[in-house]
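Chemist: The structure under discussion is supplied below as structure tokens; questions concerning it will follow.
The values are calculated or read from the model by the stated rules, or taken from the named source; none is laboratory data. Fair warning: this is a prediction, and the values are worked out from it, not measured in the lab. Cβ placement follows ideal geometry from the backbone for every residue including glycine, while neighbour counts extend to all protein chains displayed. Areas reflect the complete protein model, heavy atoms only, side chains present, ligands, DNA and RNA absent. Shrake-Rupley method; radii C 1.70, N 1.55, O 1.52, S 1.80 Å.
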Amino acid sequence: MPSLSHDHYFDLSSALHVPDSHTWPTSSLHDHPTATGEADAIPIIDISGPNAASLIAACRSCGVFYATGHGVPARLLHDVELQVRRLFSLPLHRKLLAAPCSGSVSGYGRPPLSSFFPKLMWSEGFTLSGDPLPVASKLWPHDYSRFCELIEEYYKEMKKLAERLIKLMLLSLGLDEDEMDRVGPVKELLRATDVLQLNSYPACPDPERAMGMAAHTDSALLTILHQSDGTDGLQVLRDGEGSGPAHWAGVPPLPGALVIIVGDLFQILSNGRFQSSRHRAAVSRADHRVSIAYFIGPPEDVKIGPVGSLVDQGRGPEYRPVTWPEYLGIRAHLFDSALASVTLCGMTEDAEKND
Ligand SMILES: C=C1C[C@]23C[C@@]1(O)CC[C@H]2[C@@]12CCC[C@@](C)(C(=O)O1)[C@H]2[C@@H]3C(=O)O
Ligand SMILES: O=C(O)CCC(=O)C(=O)O
Ligand SMILES: [Fe+2]
């Protein structure tokens, strides 16, 4: 059975101070100011409304929006969150039993981005890819069914919603339904790859010196994020788009809404029309925050490249096609420079001026 050494893990929930291993340099915590101004308001889009696609078009460069009217039952969001809290409240030695087996990403451990930073993050995470049973049965050998049932239901609801969102986002780029069928991404989603990341951010004795989740973009097409009510944490980098110099803007929980984050693969698919969103999570002195990130990507063997009709509009393809596993492999080496490494040169001057 795989094991993670206890020595390298630290029980954050009982910590009275932030140890050196988790103390981040001020320069990385304050690389940009954290601000909340009128221009920072994250767009709220009722995706069941008649203008959803045009509203989405308006926030392409922002890379993040709240979705309301999403149809995911509030009861499910509530119950899954309770199960996630139950999961993280297990003692550390039990959670460590669920270290990923070789060749699998599912289990308890540090997410890949952690290896690119010299300090540890003030968070814990479980990654679930596919069937939750192998992980849940290690944690609760006699009592895993409720967790598994809810996670399965959550996957189904999220996949339905992701398909709707991808369709709306493609419509917002001017693609019609016919073209979408030809292009494939929506149809292909019936056998999409999806991954759940369960994040826990225990209350922190010195939140000014700790980092919940370091700055990153998500690699998938889209992330659908549910965050617990009442505790701020998620921040997105706003740069330009009329909101002044680059700064971190808060994305506080909005009751009933889900946060939609554009990933690198959607930036590639849209030939740069949508921008993936750089984001991070801060921690709180008083509250234990949890978040559930659902990542949707193409089937493993499908290459994502710029959609034909978006390439023809006076600009060449900006990216070379990649599969999700291939792109994850590139990120494992290059992290933040992965997108640049699949970028092709040669965007025409006209396109730059007109877009
Ligand atoms: C499918 C995946 C996306 C992810 C890497 C992973 O294999 C499983 C964990 C995911 C996650 C969650 C936290 C942030 C992130 C950047 C990370 O390091 O691990 C994402 C990865 C990603 O989006 O590439
Ligand atoms: O907890 C959050 O708000 C952010 C989580 C996140 O960015 C991720 O899981 O990729
Ligand atoms: Fe993320």
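Chemist: Does residue 327 satisfy being aromatic (Phe, Trp, Tyr), in contact (Cβ under 8 Å) with a residue 60 or more places away in the chain and not in a helix (DSSP H, G or I)?
Modeler: No.
Chemist: Out of 279, 288, which single residue is at pLDDT 95 or above and surrounded by 23 or more Cβ atoms within 10 Å (Cβ to Cβ)?
Modeler: Exactly one of 279, 288 is at pLDDT 95 or above and surrounded by 23 or more Cβ atoms within 10 Å (Cβ to Cβ), namely 279.
Chemist: Condition (residue is in contact with a His (Cβ under 6 Å, 6 or more places away or on another chain), within 16 Å of ligand 3 (Cβ to nearest atom) and in a strand (DSSP E or B)) applied to region 291-307: is it met by at least one residue?
Modeler: The answer is yes; a qualifying residue exists.
Chemist: Is it fair to say residue 244 is out of contact with any His (no Cβ under 8 Å at 6 or more places or on another chain), open to solvent by 20 Å² or more (accessible area, probe 1.4 Å) and either over 27 Å from residue 78 (Cβ atoms) or within 16 Å of ligand 3 (Cβ to nearest atom) (or both)?
Modeler: yes
Chemist: Right, here's the next one. Only one of (1) in contact with a Gly (Cβ under 6 Å, 6 or more places away or on another chain); (2) more than 11 Å from ligand 1 (Cβ to nearest atom); (3) of a type in the set (A, V, I, L, M) is not met by residue 268, so which one is it?
Modeler: So the condition that residue 268 fails would be (1).
Chemist: Looking only at region 95-137, which residues are of a type in the set (Lys, Arg) and open to solvent by less than 50 Å² (accessible area, probe 1.4 Å)?
Modeler: 95, 119
Chemist: With the requirement that a residue be within 16 Å of ligand 1 (Cβ to nearest atom), under 27 Å from residue 20 (Cβ atoms) and not small (Gly, Ala, Ser), what does region 65-99 give you?
Modeler: Within region 65-99, just 88 meets the criteria.
Chemist: Restricted to region 202-224, and to residues that are among the β-branched types (Val, Ile, Thr) and near ligand 1 (Cβ under 10 Å from one of its atoms), which residue is surrounded by the most Cβ atoms within 10 Å (Cβ to Cβ)?
Modeler: 223
Chemist: What about residue 269, is it more than 9 Å from ligand 2 (Cβ to nearest atom), open to solvent by less than 10 Å² (accessible area, probe 1.4 Å) and either touching a Leu at 6+ places or on another chain (Cβ under 7 Å) or not aromatic (Phe, Trp, Tyr) (or both)?
Modeler: Criteria met by residue 269.
Chemist: Just to be sure before I move on: is residue 312 over 22 Å from residue 171 (Cα atoms), more than 9 Å from ligand 2 (Cβ to nearest atom) and either modelled with pLDDT under 95 or out of contact with any strand residue (DSSP E or B) (no Cβ under 8 Å at 6 or more places or on another chain) (or both) in the structure I sent?
Modeler: The answer is no for residue 312.
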